[in-house]
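The values are calculated or read from the model by the stated rules, or taken from the named source; none is laboratory data. For clarity, every value in this text was computed on a predicted model and none was experimentally measured. Note that we place each Cβ from the backbone using ideal geometry, even for glycine, and neighbour counts take in every protein chain shown. Surface accessibility is based on the protein's heavy atoms, side chains included, excluding ligands, DNA and RNA. Shrake-Rupley method; radii C 1.70, N 1.55, O 1.52, S 1.80 Å.
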Amino acid sequence: MPTLGEALVAGLAERGVECVFGIPGVHTIELYRGLAASGIRHVTPRHEQGAGFMADGYARVSGKPGVAFVITGPGVTNTLTAMGQARADSIPILTISGVNRQSSLGQGLGHLHELPDQLGMVAKVALEARQVRKGSDLSPALDAVFERLTTGRKGPCHIEIPLDAARLPAALNGPSIANDPAPDPDLLDLAAERLTSASRPMILAGGGAKAAAETLKALAERLDAPVVQTVNARGLMHGAALSVPASPSLTSVRSLIEESDLVLAVGTELGQTDYDMYATGSMPRLPHLIRIDTCAEQLSRHPATIAIHGDAATCLAALTQRLPGGNRASGGALRAAAARNAAWQEIGPYMRGMVDMLDAARDAVPGAIIVGDSTQPIYAGNLYYDHDRPGGWFNAATGFGALGYGIPAAIGAAIAAPGTPVFCIVGDGGAQFSLTEMMTARDENLGIVFVVWNSRGYREIDSAMREAEIAVVGCDPTPPDFAAIAAAYGMPYSHCADNDPKAFAALLAAATKGHAPSIVEVQAPYTPNQN
Amino acid sequence: MKRPLGAQISHMLRDRGVEVIFGIPGVHNQEMYRGIEEAGIAHVLARHEQGAGFMADGYARASGQPGVAYVITGPGLCNILTPMGQAWSDSVPMLVISSCLDETAARRGQLHQMRDQRAAAATVCDWSEEARGARAVYGLVERAFDEFETARPRPKHIQVPVPVLEAEADPAPFPNQPARRARAVPPEVGPVVSLLNLARRPLFILGGGARSLLWRQILTQLGAAVMTTYAGRGLVGLNYPLDFGAALARPSSAEVIASADLVVAVGTELAEVDLWRPNLGHSAMLARVDIDAGVLADAQRAQVKLLADADSFARALGAATETARPATGWSREEVATARARWRAEVEAERPGIARVADALRAALPHDTMIYSDMTQFAYVAKEVWDMALPGHWHHPTGFGTLGYALPAAIGGAVARRGKPTLAIAGDYGFQYTVQELGTAVELGLPLPIILWDNGKLGEIEDSMTRAQIAPNAVVARNPDFVKLAEAYGAAAAAPATLADMQAEVVAALSRPWPTLIRLTPDLRDA
């Protein structure tokens, strides 16, 4: 009979896991016993935080759970930030760790990698955290976490195996398959009626609609409804007349929403970082809100006239079927165009300059995935940018807002989509959080262009301190010499100015042809109050 | 005068002796930053909150003062949990102050929001509390500083909602008379003295908590032998003839311990990571002295237990045994023989490292403070490297995190400007926190960083081999470390011989910026 460690790996393979991100340690070697034979690819990051973010990027692009193997104690605390980000953005990642011998847990005996309560700590962040103490615990634990990873509102999960359990014999039952509940047909009927009678409907699409691009577009066209996309929904409506790829925090986009007579919100938590990113404490008014969400708890958080619990693609298709035939005319394209124009004006010349750079990059290399860190061009794009690929624009400037996400998440994305160009846009401050993972990109020879937007410091915070009349402290970390960094990691390097979209696009196109990691530095001289 | 509470906190800390704060500002904690410079506190800007935490740890270990870090809500706090876990294991006084969100139950999807930030931090530290007003903040800070003085020092976390930080507040009250920890008074050491009077072969085991300068004198007076934990090295100085060294983890040290007719353990958990076996191995009476009642009650089952600060115990013990006749049961020869055997074992287990450690030690001033990472080089050095001074070698012993050495050494060097500091890391662990090179350069720290580059996770490879697992995922390509150091503006060297290494270390100590010294196992003797 296999050991628990081997059976766990086999159980992952049975559930379709093809890649794990992990750093082995003495506490987790039993997981590695079966790994070579399982056919699962192992990618070794340089820090467990990288492992967690890689699993996140992998999950976003592949649509499958991202898995990380980490050691007891510091391995787990190191991945906690990544789990927090995955929780905020509903990304299915699974961390698997060791933990000390069961007889020692909670006793404070000073064992290596000991924590007072590792499982309790993870449970504060994870959707589901399980300890597998014996062979017969394994299959139920895997079924429980995979249900959370593949159905409903997804998020981070955790399994830990005590040192003295890892070598116990374990048999697997076949995986149990879970599915989302079907939406309530009566509510769908009612919603279709309301949509039919609305004269100026509009749609708010969030990350939950990412896998429903076609049905969303079809429904929007039938209703002639503009579609405002949150950050995680960008790319769903590229170039469409009804598309408003701009933030609902903008006054102009809020006007579009408030002047409509019905709002259909799909797969969006109506969270602050999308709807009130300027932290004014106000939300746009949402007339006659109909909500579709895969999470019942989420539906209960905001008052809605109709709240439909279900998967976005299923619900949108069911609604479209219920509508009378033929496309309506509600001036939707005109309303969308007006909102786009007003939003473009509203973001101001400084942000527009950065969006021009993003547009040029997109048009030079169609179909690329752009993974971002918290950096000014990403903030600009989150305000207004129309990506050309569903799920191809994501970053951690929203939700948990963890710096250092970009580089490892781009690595996960590139592994999930071999052959697809990946651009990682990261500031010089954020880059230093996880620069060490550049070597992982090199190990795996991934075609990622790391775009380092070098404004020599934490400019977003610098501006905020100036606005609050605080003497600026701690916003000027000297950046390393990125040309030398590229040499140290064995990557080609090029650079351009931040106001030259043509040169930028050309560098990205050239770098993409190398099919290997490279660095493009954008020199972004900073003067305060650029807006 | 009234100020925003965020600024008042820094003033309060300054009044309690805080001179340096490690951290990274963000929009959420910027009100805390308002007060730093105004209060006359230096701010050290780390490149990752994990670095800030380890720096605070290194600073605290070097200075004896609490290490303070300011971090943001959510990811900032999560990023510092690993250093807090390390500080918890190694009893380091650390205070982490973070911002937090005001309302989390009804509002989801706020920037940096997590489910229960306070409780997440509570699982890795002594306590984690939320203060919802100025008086609550002041009370918690006061409590933290009192407990650092009186109890086993361990990390603590205070979080304050952003609007509370922004609100105007009166200044904190003037500092109280500092609290004092439990002192050992002469009558209480009586039972230990009685046992010592009867003992022929008394053995002291001194841990990192046994901070006192009196041990050498007391041991000599008593004719007692001594072993230290890794953290306790240096407590008896060099060349005490009955010093078995930091040998507790050697399996056969149990035989020596069994041959003692009295064991006195001071300031040590006698933890798994000290012993690597379930029991100490003593057969005679065991007396324990510790500041933590929980330690006294643990599975080692001491017959005499004394809750007290180690230095006061040493003072009382020294006074009570001034006229004692030294015990005669130990011989210098048996100590020397055991030490030689153990050193041979170390060299056989991990060949080629002890000679490098010896040469490195010879090149360093005796008051160098050393911070090591989880690397095979440190595992060897901890056993063969005798320390002249206590508290001068810091290792992430309990929690065992990679990436500790460089940022902790930065904190240590900041605490001891003008005195030598050295970092030792393996090639894998170094990559965990390599970005803090930028911090060291910015601060102009003359810091040699020994990089032991065996090109892999060597310890894990050995462990897989022992468990009959084909080693996998343990070898990764390394960056060009010399170029990497230079990218940050640090100096770098890759010496080929031991003498070159010594010269590089000496040069590095006088250079006003850090130097990466990369060593590989093929380093030649000459």
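The table below lists the values:
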| read-out | value |
| --- | --- |
| B:ASP367 surrounded by 19 or more Cβ atoms within 10 Å (Cβ to Cβ) and within 21 Å of the chain's Cα centre (by Cα) | no |
| Boolean, B:VAL20 is closer than 29 Å to B:ASP309 by Cβ, more than 9 Å from chain A (Cβ to nearest Cβ) and of a type in the set (Val, Ile, Thr) | yes |
| Wholly within the stretch A:243-331, helices (runs of 4 or more DSSP H) carrying at least 3 residues that are open to solvent by less than 40 Å² (accessible area, probe 1.4 Å) | A:251-258, A:272-275, A:312-322 |
| Residue in the stretch B:28-36 that is in contact (Cβ under 8 Å) with a residue 40 or more places away in the chain and either open to solvent by 10 Å² or more (accessible area, probe 1.4 Å) or aromatic (Phe, Trp, Tyr) (or both) present | yes |
| Helices (runs of 4 or more DSSP H) lying entirely in the stretch A:18-127 (those with 3 or more residues that are within 7 Å of another protein chain (Cβ to nearest Cβ) and buried (at least 24 other Cβ atoms within 10 Å of the Cβ)) | A:74-89 |
| All positions within the stretch B:229-253 that are touching a strand residue (DSSP E or B) at 6+ places or on another chain (Cβ under 6 Å) and hydrophobic (A, V, I, L, M, F, W, C) | B:LEU235, B:VAL236, B:LEU242, B:PHE244, B:ALA246, B:ALA247, B:LEU248 |
| Pairs where the first residue, in the stretch B:93-122, is within 11 Å of chain A (Cβ to nearest Cβ) and on the phi > 0 side of the Ramachandran plot and the second is among the acidic types (Asp, Glu) and open to solvent by 10 Å² or more (accessible area, probe 1.4 Å), C-beta under 8 Å, 6+ apart | B:GLY109/A:GLU269; B:GLY109/A:ASP274 |
| Residue pairs meeting the criteria (Cβ under 8 Å; at least 6 apart or on separate chains; first in contact (Cβ under 8 Å) with a residue 24 or more places away in the chain and over 11 Å from B:PHE244 (Cβ atoms), in the stretch B:319-341; second charged (D, E, K, R) and loosely packed, with under 14 Cβ neighbours inside 10 Å) | B:ALA327/B:ARG200; B:THR328/B:ARG200; B:GLY329/B:ARG200 |
| Failed criterion for B:MET374 (all others in (1) open to solvent by 10 Å² or more (accessible area, probe 1.4 Å); (2) under 29 Å from A:ARG456 (Cα atoms) hold) | (2) |
| B:VAL475 vs. criteria closer than 30 Å to A:THR3 by Cβ, within 29 Å of the chain's Cα centre (by Cα) and more than 7 Å from every other protein chain (Cβ to nearest Cβ) | yes |
| Residue satisfying condition, being modelled with pLDDT of 95 or more, open to solvent by 10 Å² or more (accessible area, probe 1.4 Å), touching a His at 6+ places or on another chain (Cβ under 9 Å) and not assigned by the TED database to the domain that holds B:MET369, within set B:ALA42, B:ALA62 | B:ALA62 |
| B:ALA425, sole failed condition from (1) within 21 Å of B:ALA246 (Cα to Cα); (2) small (Gly, Ala, Ser); (3) open to solvent by 10 Å² or more (accessible area, probe 1.4 Å); (4) within 13 Å of another protein chain (Cβ to nearest Cβ) | (3) |
| Complete set of residues in the stretch B:115-135 that are in contact with a Cys (Cβ under 8 Å, 6 or more places away or on another chain) and open to solvent by 20 Å² or more (accessible area, probe 1.4 Å) | B:ARG118, B:GLU130 |
| Single residue of B:ARG518, B:ARG511 found to be outside any loop (DSSP other than H, G, I, E, B), among the charged types (D, E, K, R), touching a residue at least 24 places away in the same chain (Cβ under 8 Å) and within 30 Å of A:ARG456 (Cα to Cα) | B:ARG518 |
| Residue in the stretch B:490-505 that is more than 12 Å from every other protein chain (Cβ to nearest Cβ), in a loop (DSSP other than H, G, I, E, B) and surrounded by 23 or more Cβ atoms within 10 Å (Cβ to Cβ) present | no |
| Qualifying residues in the stretch A:279-303 (those that are under 21 Å from the mean Cα position of the chain (by Cα) and within 11 Å of another protein chain (Cβ to nearest Cβ)) - the one farthest from A:GLY206 (Cα to Cα) | A:GLU297 |
